[in-house]
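Below: one structure, written as structure tokens.
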Amino acid sequence: MNDVLAAHPVGRLGGTSWMFFSAPAVLPRHGTESLTGILRQDLLAHRQAYGPRPSCAGIGGERLLADLEAVALTGRGGGHFPTAAKWRSLMQAGAGGTVVANGAEGEPGSAKDAVLLQTRPHLVLDALVCAMETVGATEGVLWIHEGAWATARSVTLALSERAAAGLEEPPVRVILAPDRYLSGEGTGIIRTLEGGPTLPRFVTNPARPWSDGHRPVLVNNVETMARIGLVALRGGEAYQQTSLVTVISATHRVVAEVGPDVSVEQAVVAFWTSPDGKYPQAVLVGGYGGSWAAWDGVRSVSIDVAAMRAAGLSLGAGLIGPLPATACGLEESARLVRYLAGQSAKQCGPCVFGLASVSELADDLSAGRLSAAGRRRLTKFMAEISGRGACRHPDGALRMLTSALEVFAPDVAHHRRGRTCDAPAFDVMPLPEVAA
Amino acid sequence: MTPPEAVLRQARAPVDESPDPHLRIDPSLCDGVGICSHLAPDLITVDSWGYPILTPARLTRAGDRRQATAAVAACPKKALYLGH
Amino acid sequence: MSRESATVDIKALGIRSGLVMLVTGSAVVTSWLIGLAVSAVVGDRMAPWILGRAAGITSYLLLVGLVLFGLVLSHPHRARWRRPSVATRIRTHVSLSVFTLVFTVLHIVVLATDKYAGVGWWGSFVPMGSTYRPLPVTLGVIGLYSGLLAGITAALAGRIARRVWWPIHKIAIISLLLVWLHGVLAGIDTPAMLSLYVVTGVAVLVLAVSRYTTSSVRDEVAELAGRRATEITPADVFPVPGRADVRRRGEKSARGRIGR
């Protein structure tokens, strides 16, 4: 399983100093219950590595906000919204709010948040406490999936360690969200904290996603929190723009931290196990709601938010999913659309009916039985759904499928003539076992 | 209304707020009843599944605002609203 | 803006009611002419009766179509049917309501003015006011009122009916049931008529049962919403041996609800 990793001892990939990890972490293809390559830092190890946590109340908070602005830290959920601006809008809403560290990454392929919470829980908790002190919140929440037991063990143990060390900190609750793709959606988290179901909701003002009469809530992704922790503990000067990526292979996944000068090709060579010893034909970038990119176009692109954006891609949840030459991109995309359609919260017509219809047509295309009329319907349906959900779920699925139709255009022509690829490799991207 | 009052009211009004609203929808409330597209045919069409597609334009004309108001008032799911 | 829109609303309402009256009026005039032709063939005494019956049956069939389209419009599976398109379904539903009204008016006018029928104006609008088959006629009268209520509130939706039209609209199915009974009890003179009522009745019944028993997307949302997030504490994950409240791995915290 570690052949490729042994063959390519990665070292300091890209020449940057590591912010989080001294080596890549290796996880199984499914789930995050076993992880090798990185040891967990308990409170003692954490304090030895980073020193004591500075107070973020008052002037400390102002300094932290200035540092976050100086390093231009943005959210890592995919939206890339400036973190400091998000904090300031919460501070305007007044004290007594809730800060959430969102570790329920919906992306079944991505494992960076689980790796952070299992190996660097105190970095996230330091950041969570700092965020609460800065914005004047009285409650902290660690939000994780209910199936993520290794993660739950690590964070609850970390909270016990902090309590045993006598740290005087505001309370942090650990909340387990249902195992669904959309459980990490920020509006659904806020809805849950207000006593509602864990389902996304429509917000009229994105700057105030909480309901009137309820506590203001700040939701930051776990990776963003860990980066805030680094800035709080080491200061803005020591911060480096790295990215956490999850590279998917047929048997396992690798979570690694890479610098902005590392190309997709370098990461794929270092962290991907090719089933046929060849380069992939394309790479799925960002997540299952991300974009496919042809290998020749993406291989030299740097793994960096700005470079990705310039290439028309988004690093999103940090997923790097190489598609081997032996697999069919359309078959894989149809499978992912089917999964995403099934993970709809079923609240909005365009998502529940539209995405299901698009998924059926994508299956037809993959199976080589899409008629010319079906092709026209697919185009029409995709245009109709775009931008019409309460959350961005259908848009992500459409983005992925749109990029697939472009990147795998020769395959589309081939499939349209009633043939399929008969590709030997299938089910490239891992999906949780869900009832159809 | 005397002229000074009018001037005063204008001065108090927020500068960046256009007076013309948009027709907006909370798609999670909509059940695709379809009455809105019947009452506001110039502003609302329905998609292939019967759910409304709203005009992205501001409601600058009085006729458009009238249609929009009727559609908002008739929506049994309270999914439609006028917003900015 | 509100005053302006109210004025125009009333104006638009006037135009629409005028149109309906115009259509109704011309239908009455046309029918009267047809009635003259029929009376020339079958004689004065039977002509209004035949015309009244014909208008009643037509009105019944239009009402069946109207309710069928309404059930299709609100059926949980409506999004899966591609034809007719949703826009066509709505247009057809609205048009059928106008034509149903027209033929119902004709049915009433002809039979109320027929001095041999024994119904009269009183019997046409007042329950048990008819000397001819008072119970079946009364069913028709109540069916008329409930149908008018469902139709008029829908026509006024967005104006004065606001959002109450939707719950009221569902009484349309009661209207059809009453009209069906009215037809079965008072409108059968040949076996062919009986089969007409049976076939149309079964069609509406099947669709109505399917519309109200098929689980909708909202049921799926409720199921998803039913899976709540739970809070855990270190004691849930690292149970203290021997304690009674120890929960096994995977079990949810007893605290359950998250929000306040």
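The values are calculated or read from the model by the stated rules, or taken from the named source; none is laboratory data. Quick caveat, the model's predicted, so the values are computed rather than measured. Here the Cβ positions follow ideal geometry from the backbone for every residue, glycine too, while neighbour counts run over all protein chains shown.
Could you figure out which of (1) touching a Ser or Thr at 6+ places or on another chain (Cβ under 9 Å); (2) in a loop (DSSP other than H, G, I, E, B); (3) surrounded by fewer than 24 Cβ atoms within 10 Å (Cβ to Cβ) isn't true of residue A:140? Among (1) touching a Ser or Thr at 6+ places or on another chain (Cβ under 9 Å); (2) in a loop (DSSP other than H, G, I, E, B); (3) surrounded by fewer than 24 Cβ atoms within 10 Å (Cβ to Cβ), residue A:140 violates only (2). Could we say that residue C:179 is more than 30 Å from residue A:158 (Cβ to Cβ) and either among the aromatic types (Phe, Trp, Tyr) or modelled with pLDDT under 90 (or both) here? Answer is no for this residue. The residue that is farthest from the other protein chains (Cβ to nearest Cβ), among those in segment A:129-147 that are in contact with a helix residue (DSSP H, G or I) (Cβ under 6 Å, 6 or more places away or on another chain) and under 16 Å from residue A:102 (Cα atoms), is A:130. In segment A:236-257, which residue that is at pLDDT 90 or above and in contact with a helix residue (DSSP H, G or I) (Cβ under 7 Å, 6 or more places away or on another chain) is surrounded by the most Cβ atoms within 10 Å (Cβ to Cβ)? Out of the qualifying residues, it is A:256. Sub-7 Å Cβ pairs linking a first residue in segment A:156-178 that is more than 21 Å from residue A:136 (Cα to Cα) and in the same structural domain as residue A:128 (by TED's automatic domain parsing) to a second residue that is assigned to a helix (DSSP H, G or I) and of a type in the set (Ser, Thr, Tyr), at least 6 apart or interchain, are A:177/A:183, ordered by first then second residue.
Scan segment B:24-66 for residues that are within 14 Å of chain A (Cβ to nearest Cβ) and assigned to a loop (DSSP other than H, G, I, E, B) and the total you get is 16.
State yes or no: is residue C:221 β-branched (Val, Ile, Thr), assigned to a helix (DSSP H, G or I) and away from every other protein chain (no Cβ under 11 Å)? Considered against the rule, which asks whether it is β-branched (Val, Ile, Thr), assigned to a helix (DSSP H, G or I) and away from every other protein chain (no Cβ under 11 Å), residue C:221 comes out as no.
The numbered conditions (1) at pLDDT 70 or above; (2) within 12 Å of chain B (Cβ to nearest Cβ); (3) surrounded by 14 or more Cβ atoms within 10 Å (Cβ to Cβ) are all true for residue C:5 except (1).
When residue C:84 is tested against (1) surrounded by 15 or more Cβ atoms within 10 Å (Cβ to Cβ); (2) closer than 13 Å to residue B:48 by Cα; (3) away from chain B (no Cβ under 11 Å); (4) not β-branched (Val, Ile, Thr), just one condition goes unmet, and that condition is (1). Surrounded by fewer than 17 Cβ atoms within 10 Å (Cβ to Cβ) and either at positive phi or within 19 Å of the chain's Cα centre (by Cα) (or both) - does that describe any residue in segment A:282-300? No, segment A:282-300 has no match at all. Checked against the criterion of being assigned by TED's automatic domain parsing to the domain that holds residue A:198, closer than 26 Å to residue A:249 by Cα, touching a Lys or Arg at 6+ places or on another chain (Cβ under 6 Å) and crowded, with 17+ Cβ neighbours inside 10 Å, the candidates A:98, A:151, A:119 yield just one match: A:119.
Criterion first (in contact with a helix residue (DSSP H, G or I) (Cβ under 7 Å, 6 or more places away or on another chain) and either modelled with pLDDT of 90 or more or buried (at least 16 other Cβ atoms within 10 Å of the Cβ) (or both)) does residue A:43 satisfy it? Against the criterion (in contact with a helix residue (DSSP H, G or I) (Cβ under 7 Å, 6 or more places away or on another chain) and either modelled with pLDDT of 90 or more or buried (at least 16 other Cβ atoms within 10 Å of the Cβ) (or both)), residue A:43 qualifies.
Restricting attention to segment A:381-414 and to residues that are modelled with pLDDT under 90 and over 25 Å from the mean Cα position of the chain (by Cα), the residue that is nearest to residue B:49 (Cα to Cα) turns out to be A:413. When A:177, A:164, A:158 are checked against the criterion of being crowded, with 24+ Cβ neighbours inside 10 Å, within 14 Å of chain C (Cβ to nearest Cβ), more than 26 Å from residue A:316 (Cβ to Cβ) and not basic (Lys, Arg), a single residue qualifies: A:158. Among the residues of segment A:180-190, those that are within 10 Å of chain C (Cβ to nearest Cβ) and either surrounded by fewer than 24 Cβ atoms within 10 Å (Cβ to Cβ) or in contact with a Gly (Cβ under 8 Å, 6 or more places away or on another chain) (or both) comprise A:180, A:182, A:183. In this structure, does residue A:388 turn out to be crowded, with 16+ Cβ neighbours inside 10 Å, within 20 Å of residue A:291 (Cα to Cα) and more than 14 Å from chain B (Cβ to nearest Cβ)? Criteria not met by residue A:388. As a summary of the residue check, residue C:63 satisfies the conditions (1) modelled with pLDDT of 85 or more; (2) not in a helix (DSSP H, G or I) except for the one numbered (2). Answer yes or no: is there a residue in segment A:417-432 that is more than 30 Å from residue A:251 (Cα to Cα), within 14 Å of chain B (Cβ to nearest Cβ) and either at pLDDT 95 or above or surrounded by fewer than 20 Cβ atoms within 10 Å (Cβ to Cβ) (or both). No, segment A:417-432 contains no residue that is more than 30 Å from residue A:251 (Cα to Cα), within 14 Å of chain B (Cβ to nearest Cβ) and either at pLDDT 95 or above or surrounded by fewer than 20 Cβ atoms within 10 Å (Cβ to Cβ) (or both). One residue stands out in segment A:200-218 among those that are buried (at least 24 other Cβ atoms within 10 Å of the Cβ) and out of contact with any Asp or Glu (no Cβ under 8 Å at 6 or more places or on another chain): the one that is farthest from the other protein chains (Cβ to nearest Cβ), namely A:218. Scanning segment A:83-105 for residues that are outside any loop (DSSP other than H, G, I, E, B) and closer than 19 Å to residue A:187 by Cβ turns up A:83, A:85, A:86, A:87, A:89, A:90, A:98, A:99, A:100, A:101, A:102. From the list B:60, B:45, B:55, the one residue that fits, being farther than 29 Å from residue A:377 by Cα and of a type in the set (S, T, N, Q), is B:60. You will find that of C:54, C:79, the residue that is over 30 Å from residue C:120 (Cβ atoms) and of a type in the set (Gly, Ala, Ser) is C:79 and no other.
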